[in-house]
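The values are calculated or read from the model by the stated rules, or taken from the named source; none is laboratory data. These numbers come from a predicted model, not from an experiment. Here the Cβ positions follow ideal geometry from the backbone for every residue, glycine too, while neighbour counts run over all protein chains shown.
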Amino acid sequence: MMRYDVATVGESMVMVTPTGPERLAEAVDVRLEVGGAESNVALHLSALGHAVSWTSRLGDDPFGHRVRRVIEDGGVDTSSVVFDPDARTGVYFKDPQPSGTRVYYYRSDSAASRMDARLVPSIPIASSRLVHLSGITPALSVGCAELVDAAIAEAHRNGVIVSFDVNYRAGLWPIERAAPALERIVAQADIVFVGRDEAETLWGTSTADEIRLRLAGPGTLVVKDGAVGATEFRDASATFVPALPVEVLEVVGAGDAFAAGYLSAVLGEQSADEALQRGHETAARVLTTMSDFPSGV
């Protein structure tokens, strides 16, 4: 049986972005890439030398086959991906602007939104050291929410570490639904990533310490605060490591890179300082590009 360091599951889409810094409304040339929170993490972890799998549902269309090929070419095992002949692959567009990149998603009724708990036997959870999930998946549909619950239960049954990135997306579900649902999942995870700003939006917490008081369930909680830095709360200890000074071109995808760098260090049994530093280093490579997963990272 193949063994993995990390198993991931979630939606990935084709990304359309201008080849230059111009806005979509003026762009003539665009490029096609692939992006998705969980597959971004998988690709970064693979680049860092880990054995990783990614499971999802894609449309049986050119976009879906492109998504799988790109992720597989990044060294990630995609053998459990399912192609749906009756649904399409999601697409999203990046629109560079002086105030920051805006993202437009076209994922309604995508093949991935049709995932449910029946997919869990296809995910190599029992043969992995860790399973990584994000708060985007339960927002896609009732079935996807059931998938996350079932994946966590399967991980617990097999003694596998559960990593969860809150990843709140306002465009997918309102706060009144998202806040309690995400808090419930957080309480079941072993390692949780959350942005200080998104925690404030969801639960009204304004500092890392307040977030830890609110989210006391996970053994390890990592609070990210953009250019300021990140704090790890592990049991009764707290460790803060400042972010690296970089010239930021775009922030999209940096959180996924941070999670991958951090998890890589955790899998290598490194200290909290080393894990946070690795997270910052991996994120910095994405912050200076327009890609979620720049080549050569």
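Just a few scattered comments:
- Within segment 223-278, being in contact with a Ser or Thr (Cβ under 7 Å, 6 or more places away or on another chain), outside any loop (DSSP other than H, G, I, E, B) and either aliphatic (A, V, I, L, M) or exposed (fewer than 15 other Cβ atoms within 10 Å of the Cβ) (or both) holds for VAL223, ALA238, ALA257, ALA260, LEU263, ALA272, ASP273, LEU276.
- Cβ-Cβ distances below 6 Å connect the following pairs, each with a first residue in segment 246-262 that is at pLDDT below 70, a second residue that is among the aliphatic types (A, V, I, L, M) and not in a helix (DSSP H, G or I), and a separation of six or more residues or different chains: GLU250/MET290.
- Residue match in segment 194-211 (condition: under 25 Å from ILE125 (Cβ atoms) and assigned to a helix (DSSP H, G or I)): no
- Filtered residues of segment 35-64 (kept if of a type in the set (A, V, I, L, M) and buried (at least 24 other Cβ atoms within 10 Å of the Cβ)): ALA37, VAL41, ALA42, LEU43, LEU45, VAL52, LEU58
- Search result, residues across segment 189-222 that are β-branched (Val, Ile, Thr), buried (at least 18 other Cβ atoms within 10 Å of the Cβ) and over 15 Å from VAL266 (Cα atoms): VAL194, THR205, ILE211
- Residue in segment 118-127 that is more than 19 Å from THR78 (Cβ to Cβ), surrounded by fewer than 18 Cβ atoms within 10 Å (Cβ to Cβ) and modelled with pLDDT of 95 or more present: no
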